[in-house]
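The values are calculated or read from the model by the stated rules, or taken from the named source; none is laboratory data. The model shown is predicted, which means the values in this text are computed figures rather than measured ones. Every residue, glycine as well, gets a Cβ built from its backbone with ideal geometry; the counts of neighbours run over all protein chains shown.
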Amino acid sequence: MILLDVQHITKRFGGLVANNDISFQVAEGEVVGVIGPNGAGKSTLFDVITGYYTPDRGKVFFQGKEISRLRPDQINQRGIGRTFQKLRPFLQMTVLENVMVGALPRAGTIQEARREAEQLLAFVGLEDRMHVLAKGLSTGQRKRLEMARAMATRPKLLLLDEVTGGVDQKTIPGLIALIEKLRREGVTLLIIEHNMRVIMSLSDRIIALHLGRKIAEGTPGEVSRDPHVIESYLGKAYAQGH
């Protein structure tokens, strides 16, 4: 079943065309990676899908219904969750309270939201930090908190924006394992990631963007051999090594 259908999305900011006629689909159960250099339009595309920006042209459909003109909260209620490249926890609230905020709109009671938040913190490996203020977490722990909070909204599709960005090398394997765990739970994933080893190992398909346009789409192997992707993003050294 096609879960997400992005049709001819164009988004402009003055004279800058951040997304230029982008189309693709994500099927239920898939993991789809989005790659491209800085300024390629990746995060803008996520912002359009999740309602932070309205497209100037094109439409976004989720489970067969158009969501292009809905607010972010309405889109989230339909079943799309996301994390952000710039981490935004509520710093003066505990880790548990942060996740409860995500759970409350769908939970019947505060007790139910608490139970769900506790389960999710165990899932992401933060059960021992539950009662710590969010400002006391490391960057890697904040990434896990962001994922738990997004999962608390019970998404059918989860958009992950650079989960391994800004963390040290020792932290990355644990975050990769967590993404793989999410996949095993049946969550469909759309992932922006600059770490090529990570995105190539996780994804069923890759979409490559450059200067706002989609320049390639296919399996990780196909995209890594695409001459446009090599020239604009990967470089010949990467291609020769693979």
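(1) in a loop (DSSP other than H, G, I, E, B); (2) out of contact with any Lys or Arg (no Cβ under 6 Å at 6 or more places or on another chain); (3) not acidic (Asp, Glu): which one isn't true of Arg154, the others all being true? The single condition Arg154 does not satisfy is (2). The single condition among (1) touching a strand residue (DSSP E or B) at 6+ places or on another chain (Cβ under 7 Å); (2) crowded, with 16+ Cβ neighbours inside 10 Å; (3) of a type in the set (S, T, N, Q) that Ser224 does not satisfy is (1). Here is a check on your reading of the model: is Gly108 modelled with pLDDT under 95 and out of contact with any helix residue (DSSP H, G or I) (no Cβ under 6 Å at 6 or more places or on another chain)? Yes.
Scanning the stretch 161-192 for residues that are touching a residue at least 40 places away in the same chain (Cβ under 8 Å), among the hydrophobic types (A, V, I, L, M, F, W, C) and over 20 Å from Gln119 (Cα atoms) yields a count of 5.
Residues satisfying the criterion are absent from the stretch 148-156 (criterion: polar (S, T, N, Q) and surrounded by 22 or more Cβ atoms within 10 Å (Cβ to Cβ)).
If the condition is being over 16 Å from Leu45 (Cβ atoms), in a loop (DSSP other than H, G, I, E, B) and among the charged types (D, E, K, R), then the stretch 177-226 contributes Glu185, Asp204, Arg225, Asp226. Please determine whether any residue of the stretch 159-174 is of a type in the set (A, V, I, L, M, F, W, C), within 17 Å of the chain's Cα centre (by Cα) and assigned to a loop (DSSP other than H, G, I, E, B). Yes; the residues of the stretch 159-174 include at least one that is of a type in the set (A, V, I, L, M, F, W, C), within 17 Å of the chain's Cα centre (by Cα) and assigned to a loop (DSSP other than H, G, I, E, B).
For Ala122, only one of the following conditions fails: (1) over 21 Å from Val198 (Cβ atoms); (2) touching a helix residue (DSSP H, G or I) at 6+ places or on another chain (Cβ under 6 Å). What is its number? Answer for Ala122: the failing condition is (2).
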